[in-house]
Amino acid sequence: MRKILMTFLMTCSSVLATEYLPENILKSDTYLSHHILLAEKSTHKLYLYETKENGPKLIETFQVATGKKAGNKIFQGDHRTPEGIYSFTEFLPHKSLVERHGKAGEIYGVGAFVMNYPNPIDRLAGKTGGGIWLHSTNDETRIDKGLDSRGCIVAHNKNLIDLSQYIELNKTSIVVTHEVKFLKKETWQTTRDEIEDALNGWLTSWQEEDFNSYKDFYHKEKFRDYRHKNYNNYVNYKRAVFSNPGKPVISIDNVSILKTNNYAVVTFIQNYQSNTIEDVGKKTLYLVKDLYYNWKIVAEEWTKAGLEVDHGPSVAFKPRLKFFESSNPKEIFTSHLNLKDDITETAKSN
């Protein structure tokens, strides 16, 4: 009887894993998004997903703490954890944190990964603040509280060390949401297809220098560009670029698509060649739906950060300890750091 029950449970688990997928991870790739973190604030869980051919695969779950106040972050000092799609831009080891902040730096535990909050969507919404990190702590009992930070995501020291093996700066993304929702595979695929269709239409119009079609992929009211400021200025700039002789040769690969409740982030490697420019970099598109439910670009970013000279898919990612000198938290801490510091001291933490 026990064997039959176990077989039944395993079968159900396999069916659920096949038929339902997280709506936040619509497409991932083994170079830019070989692993993705998904933080659920309602349960204070941090999920580690791995990219597989048939969709994202959950490989481990960690308990975390988030902001002292529930809800999405709006302004600096509101003690809320922002919800959205972010990447890790920097790692701060324990030693650097203590050197920078003195004894107060001990509250970040073995280290901290810096998130790119506020991202373009946050800035578009007028959100303020900064210093949002995924870090550990010198008092792990605070994680049991759930709501116990000034906005950061706080993990156990050993768990942060384990997680770090799957993180690459300027590549690995973390999606922060109040509640993770799962979609039937058919609905999940439909949502993915809608965003892919917008991406492919944008790319084709650019390749063919179909200016009228190209400009329609941008949101007329919400689009912002750090150089040209708004839609009209950006469109005028692009019109001048399109008027140059010769069509550009543009290709993309390593596409990933992540989504929150109200926007999507598409990331890929872009290879661009024209009469005057030849360059390769990582392009990130931020998209929202307009009044007619069409996906429109509201911001785009381009960078070389995090890319090797050869970004081909031939070299498979292998988890390894690269941010920490040891997998043992006690060996990382200095002698004066005590995991059992008084709770009043840690109340000052992020």
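Here are the numbers for this structure:
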{"quantity": "Segment 134-156 - residue that is farther than 12 Å from V64 by Cβ and in contact with a helix residue (DSSP H, G or I) (Cβ under 8 Å, 6 or more places away or on another chain) and, of those, surrounded by the most Cβ atoms within 10 Å (Cβ to Cβ)", "calculated": "N138"}
{"quantity": "Residue list for segment 160-171, restricted to those being of a type in the set (S, T, N, Q) and surrounded by fewer than 20 Cβ atoms within 10 Å (Cβ to Cβ)", "calculated": "Q165, N170"}
{"quantity": "Extreme residue, farthest from N261 (Cα to Cα), among residues of segment 61-86 that are crowded, with 22+ Cβ neighbours inside 10 Å and small (G, A, S)", "calculated": "A65"}
{"quantity": "Qualifying residue in segment 253-260 (condition: part of a loop (DSSP other than H, G, I, E, B), among the small types (G, A, S) and either outside the structural domain of P120 (by TED's automatic domain parsing) or modelled with pLDDT under 95 (or both))", "calculated": "no"}
{"quantity": "Residue within segment 265-278 that is touching a helix residue (DSSP H, G or I) at 6+ places or on another chain (Cβ under 8 Å), part of a loop (DSSP other than H, G, I, E, B), modelled with pLDDT of 95 or more and not assigned by TED's automatic domain parsing to the domain that holds P82 present", "calculated": "no"}
{"quantity": "Conditions (1) closer than 21 Å to N116 by Cα; (2) small (G, A, S); (3) assigned to a strand (DSSP E or B): number failed by A305", "calculated": "(3)"}
{"quantity": "Listing of helices (runs of 4 or more DSSP H) fully contained in segment 120-227 that carry 1 or more residues being assigned by TED's automatic domain parsing to the domain that holds I252 and under 19 Å from the mean Cα position of the chain (by Cα)", "calculated": "185-207"}
{"quantity": "Criterion (β-branched (V, I, T), surrounded by 14 or more Cβ atoms within 10 Å (Cβ to Cβ) and either more than 25 Å from the chain's Cα centre (by Cα) or part of a loop (DSSP other than H, G, I, E, B) (or both)) met by exactly one of V235, V298", "calculated": "V235"}
{"quantity": "Tabulated pairs, segment 114-133, first touching a residue at least 40 places away in the same chain (Cβ under 8 Å) and under 18 Å from K283 (Cα atoms), second of a type in the set (V, I, T) and surrounded by fewer than 18 Cβ atoms within 10 Å (Cβ to Cβ), C-beta under 7 angstrom, 6+ apart or interchain", "calculated": "none"}
{"quantity": "Criterion violated by P245 - all others in (1) under 20 Å from I195 (Cα atoms); (2) part of a loop (DSSP other than H, G, I, E, B) satisfied", "calculated": "(1)"}
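The values are calculated or read from the model by the stated rules, or taken from the named source; none is laboratory data. The structure displayed is predicted, hence computed values, not measured ones. Here the Cβ is made from the backbone with ideal geometry for all residues, glycine too, and neighbour counts use every protein chain on show.
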